[in-house]
Structure formats: C-alpha cells, structure tokens
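What follows is a short report on a single structure.
Throughout, read-outs are computed from the coordinates displayed, never taken from laboratory work. Computed from a predicted model, the values in this text were never measured in an experiment. Reconstructed Cβ throughout: ideal geometry from the backbone, glycine too, with neighbour counts over all protein chains shown.
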Amino acid sequence: ANPHPASTSDPTSGLSDNFATTAASGSDPMFPVARHKDFWDFHSWASGLFVMDDSKSQESSSEAVNAYYSVALLGKALGDRNIEGWGRLLWGMEMEAAQRYWHMPSWSHVYNEDFKQHKMVGIVSSTKASYFTWFGDLP
C-alpha cells in the first residue's frame, strides 16, 4: 500500500517525497527515505548524508524546520494522518536539534565558551562549528 496515495496524481506530494519520503514508501529509488535527515544527530544536512568539501554541513536550520513543517501541513490538508505524523516527527526532531546545536542558552554545554558570547552557531558541520554564516562574520 502506498502511504502517499496522492503522490502519483498530486505534484505537491511528489515534491515532499523528494526530501521526506517515509520508510514505508522507501522502496522507490527516486525518493530515498528522508533524503537529508540524519536520525542520529536529529537534524538534516544541506548536502544530504554525503560529505561536502571537508565535512557535511547544515547552514540553515530554519529552512529544514520549515520544510518538515510543510510536510505536516500537507498531510493535514490531504487528510492523511501518516504524512502528517511523519512530517511532525521530522519537524520536531529538526526543532530539537536547532535549539540544541544552533541556539545557545547560557547553560548550554554543547560548545565551548568562545561560542557562548555569540549565543548561536551559524554553520554546524560534522567536524566543526562556526559562529559566522555563509555570508560572513559580521553581526
């Protein structure tokens, strides 16, 4: 049974399948299961699970959060509890990771003191973290 019954006739579902296909429909080689999601780290990687120049990176947690939120909303709009639930799971994991790895409350022990003065991380990589963004280090 196809958990995305609309995906063959609804281009919107096909679009969400591109980055948020469920495990149940993961047999389609065109749509790997949750293409960018790293279930161990709870967040997505910009390049998917493949290494970029020197490591995997995620420079926009807000894009990932909103992408998965859109899957939950799509499921709700279609009346498909499976899609909605899958979107809510991916969305919740991404929000948890964003709060843990990108936003830094004073009590956080994830990064050293140098990062705490900036209160957030701009780019998280699998081998490093930077407080600047792809656009530079100016506030």
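Over segment 35-126, what per residue volume does the convex hull of the Cα atoms give, in whole Å³? Mind dumping the intermediate values first?
Working: hull volume 8.9 nm³, N = 92.
Given the Cα convex hull of segment 35-126, per-residue volume reads 96 Å³.
From the backbone phi of segment 65-79, what are the Karplus-calculated ³J(HN,Hα) couplings (6.51 cos²θ - 1.76 cosθ + 1.60, θ = phi - 60°) in whole Hz, Gly and Pro given as x?
Those phi angles translate into 4, 6, 5, 6, 4, 5, 5, 4, 5, 4, x, 5, 5, 7, x Hz.
Using modelled backbone amide H atoms (1.01 Å from N, in-plane), which distant-in-sequence or interchain residues come within less than 5 Å of residue 43's amide H?
38
Taking the Cβ of residue 44 as the centre, find all other residues whose Cβ is under 13 Å away and add up their charges (Lys, Arg: +1; Asp, Glu: -1). Write out the running numbers ahead of the final one.
Working: positive: 35, 37, 56; negative: 38, 41, 59, 63, 94, 96.
That works out to -3.
Grab the other residues whose beta carbon is less than 11 angstrom from that of residue 61, score K and R as +1, D and E as -1, and report the net.
Values: positive: 100; negative: 59, 63, 94, 96.
That sum, taken over residues with Cβ under 11 Å, equals -3.
If you average the sequence gap of Cα pairs under 8 Å that are 6 or more apart and divide by the length of segment 79-130, what percent do you get for the contact order?
On the way: 29 pairs, mean separation 13.3, N = 52.
Value for segment 79-130: 26 percent.
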